[in-house]
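Structure record follows, encoded as structure tokens.
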Amino acid sequence: MDLPFADEVPVSTSEDDPEDDVVFDAEDDFDDDERDDSPEEPAVAAAEPAVADAAVPGQKRRAAKTDGTIDEAGLRTAEMDLPGLTDDAELAAALEAIMLVVDEPVAELQLAQILEQPTERIALMLDNLSARYTAAGHGFDLRRVAGGWRLYTRPEYAAYVERFVLDGQSVRLTQAALETLAVVAYKQPVTRSRISAIRGVNCDGVMRTLVTRGLIEECGTESETGAHLYRTTGLFLEKLGLNSVDQLPPLAPFLPDDVEEVLDATG
């Protein structure tokens with residue numbers, strides 16, 4: 001007769017009396033009946049190691065290895081199979097693979113440490129990849145921004161990318177936020193009072209918005225007044241596609257001749 005379970009058969013499922021819930025081992029009872037009626041057989045330890053282990057009291061059973069067991073050597077298999085990247089094509093492929101998953105510009109030194117290659121070789125290969133993408137006319141470009149490297153879509157296809165990503169909806173900075181951000185970018189490090197004086201209005205709310213969006217950050221205090229100083233962040237450079245604030249376009253052609261006197265008077 002086939003039993004519903006291999007090992008255990010519940011006799012009762014009553015919840016009123018816990019003593020009624022008796023569980024017995026079906027195999028043990030049947031084995032006892034067979035041992036009573038049959039003569040003793042010779043030991044079969046060699047043929048049935050599992051039975052032999054259970055029959056010897058005090059013997060520690062050794063856990064069998066299953067197919068799902070992963071030892072330490074198995075965990076290191078991936079590292080052992082890594083290519084040496086002595087070939088330029090292999091190094092270029094490894095760099096491309098990393099660039100496809102980064103969410104912020106990654107520095108050459110970090111790439112060199114990860115790939116265990118000289119920094120000079122990494123920098124040269126990144127330059128070559130960038131030039132290769134440009135020459136091939138790809139829709140993406142490899143650029144050095146904010147002290148690191150990252151893949152970007154080309155400006156001529158920005159309208160299509162914007163339509164796909166934003167789907168007609170976008171959150172843009174207000175005119176006040178743009179003006180405040182420009183003051184911070186060109187006058188950094190700068191205090192809130194200085195920014196308010198330049199713009200002619202209180203800018204506390206706008207400053208909080210820019211800090212929340214990660215475009216500006218605190219960078220210490222002014223020694224004379226103790227007021228907090230602000231500067232632009234790496235995200236600001238990344239959004240503008242710049243490597244440093246030195247690449248910001250000059251403002252001199254757009255400013256009046258006496259701008260410094262006006263700023264000193266308002267400061």
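Among the conditions (1) over 22 Å from G234 (Cα atoms); (2) of a type in the set (D, E, K, R); (3) open to solvent by 60 Å² or more (accessible area, probe 1.4 Å); (4) modelled with pLDDT of 90 or more, R121 misses just one, which is (3). The set of residues from the range 166-209 being open to solvent by 40 Å² or more (accessible area, probe 1.4 Å) and in contact with an Asp or Glu (Cβ under 7 Å, 6 or more places away or on another chain) comprises R192, R199. Here L82 passes the criteria (1) surrounded by fewer than 14 Cβ atoms within 10 Å (Cβ to Cβ); (2) closer than 19 Å to K239 by Cβ; (3) within 22 Å of the chain's Cα centre (by Cα) except the one numbered (2). Against the conditions (1) under 21 Å from L248 (Cβ atoms); (2) open to solvent by 60 Å² or more (accessible area, probe 1.4 Å); (3) assigned to a helix (DSSP H, G or I), A135 satisfies every one except (1). Scanning the range 85-132 for residues that are under 22 Å from the mean Cα position of the chain (by Cα), farther than 23 Å from S244 by Cβ and assigned to a loop (DSSP other than H, G, I, E, B) yields L100, V101, E116. Of the helices (runs of 4 or more DSSP H) lying entirely inside the range 142-230, those carrying at least 3 residues that are of a type in the set (G, A, S) and more than 30 Å from A97 (Cα to Cα) are 175-187, 192-199. Between T212, T232, T221, the distinction of being open to solvent by less than 50 Å² (accessible area, probe 1.4 Å), of a type in the set (S, T, N, Q) and either modelled with pLDDT of 90 or more or within 27 Å of V106 (Cα to Cα) (or both) belongs to T232 only.
The values are calculated or read from the model by the stated rules, or taken from the named source; none is laboratory data. Everything numeric in this text was worked out from a predicted model, so none of it was measured. Ideal geometry is used to build each Cβ from the backbone, glycine not excepted, and the neighbour counts take in all protein chains shown. All accessible areas refer to the heavy atoms of the entire protein, side chains included, with ligands and DNA or RNA removed. Shrake-Rupley method; radii C 1.70, N 1.55, O 1.52, S 1.80 Å.
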